[in-house]
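Step one of this worksheet: look at the structure below.
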Amino acid sequence: MNYTITLKVNGRTVQRDVPAHLTLLEFIRSGLQLTGTKHGCGNGECGACTVIMDGKAVRACLILAVEANGCAVETIEGLVESPLAPFAGELPGAVTGTGHSHPEINGASPVGEGVGAGLHPIQRAFLAKGAVQCGFCTPGMIMAAKALYDRNPNPDRAAVVEALGGHLCRCTGYQPIIDAVLAVQTE
Amino acid sequence: MMPLHMEYVKPGGLAEAVSLLRQDDACALAGGTDVVVQMREGKLRPRLVVDIKGLAELQGITGQSGGVWVGALVTMAEIVKSPLLQAYRAVVQGAGCMGCCEIRHRATIGGNVGNASPSGDAAVPLLVFHPQVVIHGPGGQRHLPLANFFRGAGKTVLQPGELIKGFLLPPPPAFSLYMRHTRVKGMDLAGVSLAAAIDRQGQVTVSMGAVAPTPTRFPQVEELLSGRPLSWEVIAQAAEVLSAAITPRATSLRATPAYKKEMAKVFLHTALSRALEEGFGQ
């Protein structure tokens, strides 16, 4: 049996029919083709699937898509008006919007100026501090950091460590990530 | 693998929730941080998921005749921030160390107790406050002490159609503390945990997690410690009694029985030292 859900994803209203067993993570990745949100452990232990729902960082793998009915969800794609985001316009069922109609992507002009221009300040800080290696944990880390900044514009190191406490990174040793999140406020 | 044919209902009221939960293979869903994991692991295969998050009667933290009412849907994040619950420090500490921010935003106190894990980070400290569990079901409402709610690992007294409405906490004790040991600093389940409280008459309450099939109190230890000044001799004696009283299973996942028996002593000693430092138990 399917259930009709209506929710806001990155500011846009989406309506879809979903089965009860579908998780919000599967819905975001397969239903909306927003593959920036990662499927790591699938058990709420790694943080790779973190999105912001009604202002709070949550694990998309532990939430059923039907539970998100009426909610506002932010994913990593929502941080910038990225021309690469497939989720644009009126959200048809299939993947659309490869972005190739954008002159920026066709090489006519760079996106903004310099490395990371056009990105969210948290994303720029991650680039500046070398906080990304394989990148798999990065979207979850950045969404957790955004949820932190949304409620606390001046977090100290302890607050950052707490906000990222449930996020696993197998590459960086965490310090560059914490440094990056702290560096956002001095940008 | 998630149960592919399950159905989902979000009832608008308590009566509807109860009648849905009376059906065979129905399962209440609150924060989902245990239920969804158990469904994926195949441990829970409900035919019907009843999403109780909309039930107003299960929400809120309010003062009530010197104590506090905590609705079953109150999240760990809400417990940590609640001004009314700060006097119940052990449960604030338990809620604050559970999982991580994202888990604490979703995980509920009713869910943690209803899941009846031997090491529940809300259930173990809650026990030392002598709360009543308020249960709503087909026969109406009933209350019982939390200590009588657990029936085994993952097992409770809840009958089909019943759900936890909330918890009634008596006035807070003078002192309380929760401690747990985990294998890593970050996200982990407690390998062994202990909560202690001392009320204004010098009555001591002690509970432990992950040393028995359910969160458990230790009346023989409580009796030794209550109504007298806490000397180092009496603390040491109580620690030995506590250590001898626990019989962790040999197949414990996160710590060996011998280690848990040692940690029981360390935790009790640490908790009561802290009480003395803070001026209680003299």
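The values are calculated or read from the model by the stated rules, or taken from the named source; none is laboratory data. Note that the coordinates shown come from a computational prediction; the quantities given were computed from them, not determined experimentally. Please note: Cβ atoms are built from the backbone with ideal geometry, for glycine as well, and neighbour counts cover all protein chains shown.
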Residue tally, condition touching a residue at least 40 places away in the same chain (Cβ under 8 Å) and of a type outside the set (D, E, K, R), over segment B:137-179 | 26
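I'd like the full set of residues that are part of a loop (DSSP other than H, G, I, E, B) and under 19 Å from residue B:38 (Cα atoms), limited to segment B:1-18.
Of segment B:1-18, the ones part of a loop (DSSP other than H, G, I, E, B) are B:1-6, B:10-13.
Of everything in segment B:1-18, those that are part of a loop (DSSP other than H, G, I, E, B) and under 19 Å from residue B:38 (Cα atoms) turn out to be B:1, B:2, B:3, B:4, B:5, B:6.
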Tell me, which residue of segment B:1-41 that is more than 10 Å from chain A (Cβ to nearest Cβ), of a type outside the set (A, V, I, L, M, F, W, C) and in contact with a Gly (Cβ under 8 Å, 6 or more places away or on another chain) is surrounded by the fewest Cβ atoms within 10 Å (Cβ to Cβ)?
-> B:12
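Output the number of residues of segment A:156-171 satisfying the condition of being part of a loop (DSSP other than H, G, I, E, B) and away from chain B (no Cβ under 12 Å).
We begin by selecting, within segment A:156-171, every residue part of a loop (DSSP other than H, G, I, E, B); these are A:156, A:164-171.
After this cut, where a residue has to be away from chain B (no Cβ under 12 Å) as well, the list is A:156, A:170-171.
Qualifying residue count for the region: 3.
Would segment B:127-135 turn up any residue that is over 25 Å from residue B:203 (Cβ atoms) and outside the structural domain of residue B:207 (by TED's automatic domain parsing)? Break it down into steps so the answer makes sense when it comes.
Just the residues of segment B:127-135 that are over 25 Å from residue B:203 (Cβ atoms), to begin with: B:135.
Next, only the ones that are outside the structural domain of residue B:207 (by TED's automatic domain parsing) stay: B:135.
Yes: one or more hits.
Quick grid of which residues meet (1) hydroxyl-bearing (Ser, Thr, Tyr); (2) buried (at least 20 other Cβ atoms within 10 Å of the Cβ); (3) under 16 Å from the mean Cα position of the chain (by Cα); (4) more than 23 Å from residue B:248 (Cα to Cα):
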{"site": "B:175", "(1), (2), (3), (4)": "no, yes, no, yes"}
{"site": "B:187", "(1), (2), (3), (4)": "no, yes, no, no"}
{"site": "B:198", "(1), (2), (3), (4)": "no, yes, no, yes"}
{"site": "B:228", "(1), (2), (3), (4)": "no, no, no, yes"}
Could you list all residues from segment B:25-48 that are more than 21 Å from the chain's Cα centre (by Cα) and closer than 18 Å to residue B:136 by Cα?
-> B:26
Looking across segment B:185-202 at residues that are touching a Gly at 6+ places or on another chain (Cβ under 7 Å) and outside any strand (DSSP E or B), the single one that is modelled with the lowest pLDDT is B:186
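Check whether at least one residue in segment A:141-163 is hydroxyl-bearing (Ser, Thr, Tyr) and either in contact with a helix residue (DSSP H, G or I) (Cβ under 7 Å, 6 or more places away or on another chain) or at positive phi (or both), and report yes or no. Please lay out each step first, then the result.
From segment A:141-163, those hydroxyl-bearing (Ser, Thr, Tyr) are A:149; that's our starting set.
Still in the list and also either in contact with a helix residue (DSSP H, G or I) (Cβ under 7 Å, 6 or more places away or on another chain) or at positive phi (or both): A:149.
Yes, there is a match, as at least one residue in segment A:141-163 is hydroxyl-bearing (Ser, Thr, Tyr) and either in contact with a helix residue (DSSP H, G or I) (Cβ under 7 Å, 6 or more places away or on another chain) or at positive phi (or both).
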Which one is farthest from residue A:180 (Cα to Cα) among residues in segment A:138-155 that are touching a Cys at 6+ places or on another chain (Cβ under 9 Å) and more than 13 Å from every other protein chain (Cβ to nearest Cβ)?
-> A:139
Output for segment A:62-76, where each listed residue is β-branched (Val, Ile, Thr) and under 19 Å from the mean Cα position of the chain (by Cα) | A:63, A:73, A:75, A:76
Would you check if there is a residue in segment A:58-75 being at pLDDT 95 or above, in contact with a Gly (Cβ under 9 Å, 6 or more places away or on another chain), surrounded by fewer than 21 Cβ atoms within 10 Å (Cβ to Cβ) and among the aliphatic types (A, V, I, L, M)?
-> yes
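Only one of A:157, A:170 is at pLDDT below 95 and of a type outside the set (Phe, Trp, Tyr). Can you tell me which?
Working: A:157 fails: at pLDDT below 95.
None of the others qualify; the one that does is A:170.
Determine if segment B:66-73 includes at least one residue that is without any contact (Cβ under 8 Å) to a residue 40 or more places away in the chain and among the aliphatic types (A, V, I, L, M). Break it down into steps so the answer makes sense when it comes.
Residues of segment B:66-73 that are without any contact (Cβ under 8 Å) to a residue 40 or more places away in the chain, as a first pass: none.
No; the residues of segment B:66-73 include none that is without any contact (Cβ under 8 Å) to a residue 40 or more places away in the chain and among the aliphatic types (A, V, I, L, M).
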Go through the residues of segment B:264-276 one by one and say whether even a single one is modelled with pLDDT under 95, of a type in the set (S, T, N, Q) and under 30 Å from residue A:164 (Cα atoms).
-> no
Condition check for residue A:74: at negative phi, of a type in the set (Asp, Glu) and within 8 Å of another protein chain (Cβ to nearest Cβ) = no
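If only one of B:163, B:253, B:225, B:194 is out of contact with any Pro (no Cβ under 8 Å at 6 or more places or on another chain), among the aliphatic types (A, V, I, L, M) and in the same structural domain as residue B:151 (by TED's automatic domain parsing), which one is it? Show your work before the answer.
Values: B:253 fails: in the same structural domain as residue B:151 (by TED's automatic domain parsing); B:225 fails: in the same structural domain as residue B:151 (by TED's automatic domain parsing); B:194 fails: in the same structural domain as residue B:151 (by TED's automatic domain parsing).
Residue meeting the stated conditions: B:163.
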Restricting segment A:6-62 to residues that are acidic (Asp, Glu) and part of a loop (DSSP other than H, G, I, E, B), which is farthest from the other protein chains (Cβ to nearest Cβ)?
-> A:54
Residue within segment A:127-137 that is surrounded by fewer than 18 Cβ atoms within 10 Å (Cβ to Cβ) and either within 14 Å of another protein chain (Cβ to nearest Cβ) or modelled with pLDDT under 90 (or both) present | no
